[in-house]
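Here is the structure we will look at, set down as structure tokens.
Quick note: the coordinates plus some simple rules give every number you see, no bench work behind them. This is a predicted model, so every value here is computed, not measured. Using ideal geometry, Cβ is built from the backbone for each residue, glycine included, and neighbour counts are taken over all protein chains shown.
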Amino acid sequence: MKPILFFTLLLLCPLRAAELRVSTDFEGGSATIDAIDSSRREIQIRPGGNPARGWPCWWFVRIDGLAAGETATLVLRGSERSARNNGKDTGKPLSSDWAMPIAAAVSDDGTSWRQSGLGTRETDHISYPLEGTGGPLWVAWGPPFSPRESEALLAGAEQARPDLFHPFTLAETREGRPVRALRIVAEGDAKSKPAVWIHARQHAWESGSSWVACGFVEWLLADSDKAERLRGTTEIVIVPIMDVDRVVTGDGGKEADPHDHNRDWFETPHYPEVAAAQARMKAYVAEGRLAVVLDLHNPASRDLRPFFFVGPPELLSGKARANRERFLNLAVEHLTGPLTLDPKPRVTGANYHPLWRRISGQWVNDHGNEHTLAACLETSWNTRHSTTEGYRTIGRQLGEALADYLSSPAP
Ligand SMILES: [Zn+2]
């Protein structure tokens, strides 16, 4: 071809931007894809969850076709499917607020996460600005934490301190997946040590709560006097993901049919992992040493400060009430930012939910030892600090508060 003809053809056929592709066929992936406009570089999606498997607010996609430095827009709308609440179908969709953080979580490798620029909210949608790096771009509601991350956390802990950190399988889920956990105890007489139990993700979409658990484990592994004292004087169990099934399928978990994990704490649990957790806690109670149970969550979109949910104080023994007060004061001392704890806990009693008595914290209050402390920590997800680092900081600060709580004598 003569050079002149070649350049003429090139001018007539300007280089077209690569076609955009969106996929969700991976662990935790979820979206209904409404439109992909490759020429406008705009992708329109909704959360893809099945409301029978929990609130459809989680979304997580992989985008291919964005060149390095090229910008695009992810337009997100709320799920249109009718959602459940208080144990029944409401006949209307969930408020889209639950699905729309002020910024999306973005990653180039699916492992390290940063926030996108702030989304622009309009009546029924929010638009997140994206920037390509030439490879796949992973975009999600918040930093994902799936069994893959959980396994890496457990394996890393065991590798660093095989004498102390012992991964184990708490239960097999209804759908046949392992619920993995970590037991931390030094050789010797475990039966004389206070037991601490921490679990996250009773609600599958609340990925930030697993990152808080991750920060706590990292703190516990660290070379500090306080961490060393806590791991040497207690037995600790950490379950980074309780509702493994819905985390893997990218469903919300909360208000699932027939009920979610945090409404399953009664005599005949629906979920094997809840039954297994109850059995282990009961064994600690029988030995008189269930000291602390913490349940980790993410709250509502407008809760911009972390806070604790606790059961009604009038149902506690005097000792448990005093212990709770002491722990909450220590938490205020340590959870000082960038996500700063609201010093006022909220009470989950009869007015909170028809199944309030079946919330894990209340089950612990009803079945624990006289001195057992149970609390639920809600860490804000809708802020500029709701990142893997922000969540891990809360986990580290929680470690400090726990260490102080367990080393100071009860009044
Ligand atoms: Zn929750």
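Observations on the structure shown:
- Going from the fewest other Cβ atoms within 10 Å to the most, the residues I33, I102 appear in the order I33, I102.
- Efficiency of FRET between E131 and T336 - r from beta-carbon atoms, R0 35 angstrom, step 0.05: 0.60
- Taken over the chain, lysine pairs spaced eight or more positions apart, or on distinct chains, with alpha carbons under 18 Å apart number 5.
- Calculated diffusion of the range 15-140, Stokes-Einstein form, Kirkwood radius summed over Cα pairs, 20 °C and 1.002 mPa s, µm²/s: 144 µm²/s
- For E187 and K92, the difference between the fully extended length at 0.36 nm per residue and the C-alpha to C-alpha distance is 28.8 nm.
- Estimated purely from DSSP H runs of n ≥ 4, each contributing -39500 (n - 2.57), the mean residue ellipticity at 222 nm for the chain is -8500 deg cm²/dmol once divided by its residues.
- Rounded tilt (10° steps) of 388-407 against the dominant C-alpha axis of the chain: 10 degrees
- Angle in degrees between helix 318-334 and the longest Cα principal axis of the chain, rounded to the nearest 10: 40 degrees
- For the range 278-411, the convex hull drawn through the C-alpha positions has a volume of 109 cubic angstrom per residue.
- Note on the chain: GNM, Cα springs under 10 Å; of Y352, Y128, Y271, the largest mean-square fluctuation is that of Y352.
- Among E19, E333, sorting on how many other beta-carbon atoms sit within 10 Å of each Cβ, with the fewest leading, yields E19, E333.
- For the chain, modelled as a GNM whose springs connect Cα atoms under 10 angstrom apart, the maximal fluctuation among P306, P162, P194 occurs at P162.
- Label zone of D34 (point 7 Å out along Cα→Cβ, amide N under 19 Å): in the range 73-100 this covers 73-83, 92-100.
- With a cut-off of 18 Å on the backbone N, the residues of the range 182-208 near the modelled label site 7 Å out from E228 along Cα-Cβ are 185-187.
- Nitroxide proxy distance, nm - points 7 Å out along Cα→Cβ at A322 and F168: 3.3 nm
- For the range 48-69 and the range 358-411, distance of Cα centres in Å: 30 Å
- Each Cα pair under 8 Å and six or more residues apart adds its sequence gap; the mean of these over the residue count of the chain is a relative contact order of 17 percent.
- The range 35-79 residues near the modelled E19 label - backbone nitrogen below 13 Å, point 7 Å along Cα→Cβ: 36-39, 64-65
- Each Cα pair under 8 Å and six or more residues apart adds its separation to the average, and for the range 15-140 the resulting relative contact order is 25 percent.
- Taking amide H positions as modeled 1.01 Å from N, with prolines and chain starts lacking one, the residues under 5 Å from R84 and 5 or more places away or on another chain are T90.
- Stretching the chain fully between K344 and L118 yields a gain of 78.4 nm (0.36 nm per residue, less the alpha carbon separation).
- The chain - Kirkwood radius from inverse mean 1/r over Cα pairs (Å): 22.3 Å
- Relative to the longest principal axis of the Cα atoms of the chain, the long axis of helix 207-221 makes an angle of roughly 60 degrees.
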